[in-house]
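The values are calculated or read from the model by the stated rules, or taken from the named source; none is laboratory data. Predicted model only: the values in this text are computed from it and were never measured. Backbone-built Cβ (ideal geometry, glycine too); neighbour counts: all protein chains shown. Accessible surface areas use protein heavy atoms only, side chains included; no ligands, DNA or RNA. Shrake-Rupley method; radii C 1.70, N 1.55, O 1.52, S 1.80 Å.
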Amino acid sequence: MKTNISVFVRNETQYHIVKKYNITDIYTDQVSLAQKYPEIYYQIPRTNTKKSSLPNRLLVNNTGVMMKQQGKKEMIGDYFLNIANIATIKLFSQYVSKMTLSIEYPKDEINLLKEYASEIEVFLYGRVEVMLLKSHPIFTKNGYELKDNEGHFYPVRVEGEKHVHIFHYEPLNRLSDLVEYQREGITNFRIDFFDETPEEIEAILSQVTE
């Protein structure tokens with residue numbers, strides 16, 4: 001059974017590393033990267049933004065864009081759609097070629113979706129976005145972190161001049177569960193890279209594509 005790996009990249013260096021491997025689909029949140037390399041799926045911002053010059057391939061995270069772009073763009077559903085049951089898989093499969101399953105979907109229930117394995121992908125590794133602030137006066141540029149009372153640092157990315165994206169303090173890592181998912185008939189998996197070193201990226205991709 002063939003395993004298909006999709007990878008989210010955040011810069012061109014990561015893109016070129018990923019291209020050396022047998023990767024099914026590549027995603028990014030950098031529109032310039034998607035325009036330069038048309039095979040990449042562009043993750044549409046979750047905030048209001050001008051959508052008149054979108055790339056031809058999209059990673060969509062809301063139903064409005066999904067329905068509006070039906071028949072116009074190639075689309076894959078993002079995990080922000082919170083796909084967690086068969087009903088939503090059947091509904092969204094009318095619009096997208098496949099969709100990333102909700103991050104919270106329990107591993108011990110994945111066998112219930114075996115029939116829809118070709119239409120879903122499981123999030124296997126990556127730093128998950130935990131919050132989006134549409135406006136905040138404190139953050140004005142990239143590079144900030146939030147520190148909680150247990151000493152964990154949450155990376156902060158700023159979109160434009162005010163939209164603040166806060167990511168989890170550590171990557172969600174299900175790499176050790178890959179074989180178990182495969183036994184249940186799952187063939188599509190997603191990996192998101194954030195600030196990993198080239199060596200870390202190579203190690204992860206070697207592990208899942210060997």
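Taking the range 92-129 as the range and being touching a Ser or Thr at 6+ places or on another chain (Cβ under 7 Å) and either more than 23 Å from T209 (Cα to Cα) or open to solvent by less than 30 Å² (accessible area, probe 1.4 Å) (or both) as the test, the residues that pass are A117, E121, F123.
In the range 156-175, the condition of being modelled with pLDDT of 75 or more, closer than 21 Å to R46 by Cα and open to solvent by 70 Å² or more (accessible area, probe 1.4 Å) is met by at least one residue. The set of residues in the range 14-31 being exposed (fewer than 13 other Cβ atoms within 10 Å of the Cβ) and not in a loop (DSSP other than H, G, I, E, B) consists of H16 alone. When residues in the range 1-13 are screened for being open to solvent by less than 30 Å² (accessible area, probe 1.4 Å) and over 18 Å from D78 (Cβ atoms), 0 of them pass. Here the range 32-87 is the region considered, the condition is being buried (at least 17 other Cβ atoms within 10 Å of the Cβ) and β-branched (V, I, T), and the residue that is nearest to S102 (Cα to Cα) is I83.
Limited to the range 176-210, what total is found for residues that are part of a loop (DSSP other than H, G, I, E, B), in contact with a Phe, Trp or Tyr (Cβ under 8 Å, 6 or more places away or on another chain) and either modelled with pLDDT of 95 or more or open to solvent by 60 Å² or more (accessible area, probe 1.4 Å) (or both)?
Of the range 176-210, the ones part of a loop (DSSP other than H, G, I, E, B) are 184-187, 193-197, 210.
Now narrow it down to the ones that are in contact with a Phe, Trp or Tyr (Cβ under 8 Å, 6 or more places away or on another chain): 193-194.
Pick out the ones that are also either modelled with pLDDT of 95 or more or open to solvent by 60 Å² or more (accessible area, probe 1.4 Å) (or both) and you get 193.
Looking only at that region, the number is 1.
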